[in-house]
Amino acid sequence: MGKYQVDHFFHKAKKEGYLSRAVYKLIEIDKKYGLLKTGMKVLDLGAAPGSWMQWTASRVGHKGCVVGVDIQNINFELSNNVTFVCGDITDPDFVEKLIKKYSPFDIVLSDMAPFTTGNKDTDSARSAMLAEQAFYVASNTLKSGGAFLVKIFQGRDFQHFLNVVKASFNRVRVIKPSASKKRSKETYILGLGFKS
Ligand SMILES: C[S@@+](CC[C@H](N)C(=O)[O-])C[C@H]1O[C@@H](n2cnc3c(N)ncnc32)[C@H](O)[C@@H]1O
C-alpha cells in the first residue's frame, strides 16, 4: 500500500505539472475545509520546491498573493502573485523582518519538515520546534478570523502544541491526508477562526 501511494502521487504530480507530490495533501484539506479563496493573502512556510505555492497561487488568483519562505532556494518561474523569500524561520532577525514587511495574512501554511535523522524522538522534537516557530509567525501576522495549517510529526510534544493552537483558534482539526505516507509520523493541525 505504502509503495503504491508513493508511486501514485509521485506520478500524478509529474503528469499534472506539480513540483511535488506534497500538493495533494493541501488540495485535499483545501477542498474539505474551503480554505483558499480568491483575493486572499497567504504565507507559505517551508515552500520549496514549490507545489503548495503553485496550488495556492492558482486559488487566490491575481487579486490575492502568496509569500513563500524556505531555507532552500527554489528553481522555477513564479507567477506574478507569488513572492519567494529565502531564509531560516528559526532565525529571529529574519522572522521579525518577514513579519514587518509582509503582514498581515488571511492564512499561514507551514509544511516545514526538519532534515530527518531516523531517530524518532529527535525528529519529532525538531518538527515540533518548527511548528512552534510557525505558530509564532502565525500569531503575529494573522488577521482576526484567519486560518493556520501546520505540519507536525506525532511525538512527545504533539499534545502540548495542539493545546496551544486550540487556545488561539475557534475550531481546530487534526488531519492525516491520504497523500501522507502511512508509515510517516506527519500530521497536520488546522486552526480556523484566529482569535487575535
Ligand atoms: C516537505 S518540504 C515542503 C514541500 C512544499 N510544501 C511543496 O509543496 O513543495 C519541507 C520544507 O521545509 C523546509 N524547511 C526546513 N527547515 C526550515 C527552516 N528552518 N526555515 C525555512 N524552511 C525550512 C525545507 O527546506 C523543505 O523545503
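Read-outs throughout are calculated quantities, based only on the coordinates presented, and are distinct from any laboratory measurement. Computed from a predicted structure; not experimentally measured. Cβ: placed from backbone, ideal geometry, glycine included. Neighbour counts: every protein chain shown.
Scaled to the compact-protein estimate 2.2 N^0.38 Å, what is the alpha-carbon radius of gyration of the range 1-137, rounded to two decimal places?
Dividing the Cα Rg of the range 1-137 by 2.2 N^0.38 Å gives 1.07.
The HN-Hα couplings worked out from phi for the range 170-175 by the Karplus form 6.51 cos²θ - 1.76 cosθ + 1.60 (θ = phi - 60°) are 5, 10, 10, 10, 9, 10 Hz, whole numbers, x standing for Gly and Pro.
DSSP assigns beta bridges within the chain; of those with both partners inside it, close to 40 percent run antiparallel. Ranked by how many other Cβ atoms sit within 10 Å of their own Cβ, fewest first, the residues Arg21, Arg183 fall in the order Arg183, Arg21. Label positions at Asp93 and Val174, each projected 7 Å from the Cα along the C-beta direction, are separated by 3.9 nm. Computed over the Cα atoms of the range 154-193, the ratio of the radius of gyration to the Kirkwood radius (Rg/Rh) comes to 1.01.
Can you tell me the order of 48-60, 32-44 when each peptide is scored by its average per-residue count of other Cβ atoms within 10 angstrom, highest first? Let's see the in-between values first.
Working: 48-60: 22.2, 32-44: 18.5.
Highest to lowest by the protection proxy: 48-60, 32-44.
Relative protection proxy for 108-115, 67-74, from highest mean packing down: 108-115, 67-74 (other beta-carbon atoms within 10 angstrom).
As a footprinting exposure proxy, order Tyr18, Tyr102 by other Cβ within 10 Å, with the fewest listed first.
Starting with the residue having the fewest Cβ neighbours, the order is Tyr102, Tyr18.
The mean sequence separation of alpha-carbon pairs under 8 Å and at least six residues apart, normalised by the residue count of the range 1-100, gives a relative contact order of 20 percent.
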